[in-house]
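Novice: Supplied in structure tokens, the structure appears directly below.
The values are calculated or read from the model by the stated rules, or taken from the named source; none is laboratory data. Remember, predicted model here, so these are calculated numbers, not experimental data. Ideal geometry is used to build each Cβ from the backbone, glycine not excepted, and the neighbour counts take in all protein chains shown.
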Amino acid sequence: MWRTQDSFTLARSADTCWPETRCDRGETVFPQPESPSIQLADTGCYDQFATFVGLDYESSALDYFPILPTADTWSTGDREVICSVFDTVQTTGTLAGAAR
């Protein structure tokens, strides 16, 4: 059970060009579970983990998961990826800079 979680935004703009998005034509396709966008979101969160937490993922006691747009929010232009950082023990406050 996740006790504490914190998050940071990886991508915010509706103009973000995901692999399924034909930005040149204004076409968008909602990412499927095995799509490159899912891997891209996970990789992006992984890459930013150390900056947010203050310690690289492999050395950290914390974990993360990307929160992606839903099919409904995607259709309204949502391309935001929220990287959620969590701990399995009770903590108080943000995990930003926790360095553990």
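Novice: Within the set of pairs 6 or more residues apart or between chains, which connect a residue that is over 30 Å from Phe30 (Cβ atoms) inside the stretch 76-100 to a residue that is surrounded by fewer than 16 Cβ atoms within 10 Å (Cβ to Cβ) and of a type in the set (Phe, Trp, Tyr) with Cβ atoms less than 8 Å apart?
Specialist: Note: pairs meeting the criteria are Asp87/Trp2; Thr88/Trp2.
Novice: So, one more: Return the residues of the stretch 65-94 that are touching a Ser or Thr at 6+ places or on another chain (Cβ under 7 Å), in a loop (DSSP other than H, G, I, E, B) and within 18 Å of Asp47 (Cβ to Cβ); say none if nothing qualifies.
Specialist: Arg79, Glu80
Novice: Give the residues of the stretch 63-75 that are hydrophobic (A, V, I, L, M, F, W, C) and in contact with a Phe, Trp or Tyr (Cβ under 7 Å, 6 or more places away or on another chain), sorted by residue number.
Specialist: Ala71, Trp74
Novice: Among the residues of the stretch 68-100, which ones are among the hydrophobic types (A, V, I, L, M, F, W, C), over 18 Å from Pro36 (Cβ atoms) and surrounded by 16 or more Cβ atoms within 10 Å (Cβ to Cβ)?
Specialist: Ile82, Val85, Phe86, Leu95, Ala98
Novice: Does Gly44 satisfy the criteria of being at pLDDT 80 or above and assigned to a loop (DSSP other than H, G, I, E, B)?
Specialist: So Gly44 does not fit the description; no.
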